[in-house]
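Asks: Before we start, here is the structure in question, set down as structure tokens.
Coordinate-derived values only; no laboratory data. Since the structure is predicted, the reported quantities are computational estimates derived from the model, not experimental observations. Note: ideal-geometry Cβ built from the backbone for every residue, glycine included; neighbour counts use all protein chains shown.
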Amino acid sequence: MATSTSRNGRPHRMDGMKVDVILPCLDEAEALPTVIGRLPEGYRAIVVDNGSTDGSADVARAHGALVVTEPRRGFGSACAAGVAAATAEYVAFCDADASMDPAELPALVRRVEQGTVDLALGRRVPTTRGAWAPHARFANSVLAVLMHRATGYRLRDLGPMRVMRRADLVALDLQDRRSGYPLEMVLAAHAAGWRVDESDIGYAQRVGDSKVTGTLRGTVNAIRDMSRLLRAYRREAPTRAVAPAAVRPTAGPTAPPATAANVAAATTASSPATTATTTAAPATTEEVHS
């Protein structure tokens, strides 16, 4: 069970905060001061310690973050624990390795707040040489193509920086507890009729060693997890229908194309017996982080 404490060991309060920023963490003590220090006013850092041995939790508390201890290893486990601890209307996700700047989050929050999109993603654009390992960038491109085929969303990156309303995210009931969590979020958002879009953010060389995309083994594991989710989603496609009440008006260049088949499916979905569904395979035990 995840537990959370503030610097003085008491339950952490959030007065006047509108965005909780979830930072999954595994041995990021060196990067955390920079990441937390770059958060805008009104944004609270929720650092989810997922088994660190370098004192990351203590560093996070010392810099004013809410620290959640999640003993179940896995990127999805850390994300889910952060969502459970969040209390703000909006939640954001960001890597804790200083590869991306939390100061860019307000632009994504603004799009969700103004009703432009339901899920705002940050598309990573390298700002330093070597920021994105070639094998990881290639794998991301392949997954983006497969995701487009499954959803119609014209996304070029399955980036970790993202923003949505907490209540909406909880309603998706995501189940993946490994590295498939970010993809499951997009697939479940599609099944629920969400508007999803991306905008550019800077992507720099991370501080410290990467746990996933910086290594070939980690990239392979991530692809395996995400491929499993995509196969499950495609298998369910013939019977999936989104209830009209859950469908939101499409907007932006990544909205799924309107087709006669889509309209017919939505009309059929008006039957009380029809429900939106999305399924993920059970999580396994190997831990993965970016």
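Asks: Treating each Cα of the range 30-111 as an identical point scatterer and ignoring solvent, apply the Debye formula and state log10 I(q)/I(0) at q = 0.17, 0.19 Å⁻¹.
Replies: The calculated log intensity ratios at q = 0.17, 0.19 Å⁻¹ are -0.66, -0.83.
Asks: Skipping prolines and chain starts, which residues have an amide H placed within reach, meaning under 5 Å, of the one on Val19, given they are 5 or more residues away or on another chain?
Replies: When sequence neighbours closer than 5 places are left aside, the close amide H contacts are Arg44.
Asks: Would you work out which of Ala29, Gly55, Tyr43 lies farthest towards the positive end of the dipole of the range 16-67, given +1 charges on the beta-carbon of Lys and Arg and -1 on that of Asp and Glu, about the Cα centre?
Replies: Tyr43
Asks: Separate question: Sort 171-184, 192-205 by the packing proxy (mean of other Cβ within 10 Å over each peptide's residues), most packed first.
Replies: Packing proxy ranking, top to bottom: 171-184, 192-205.
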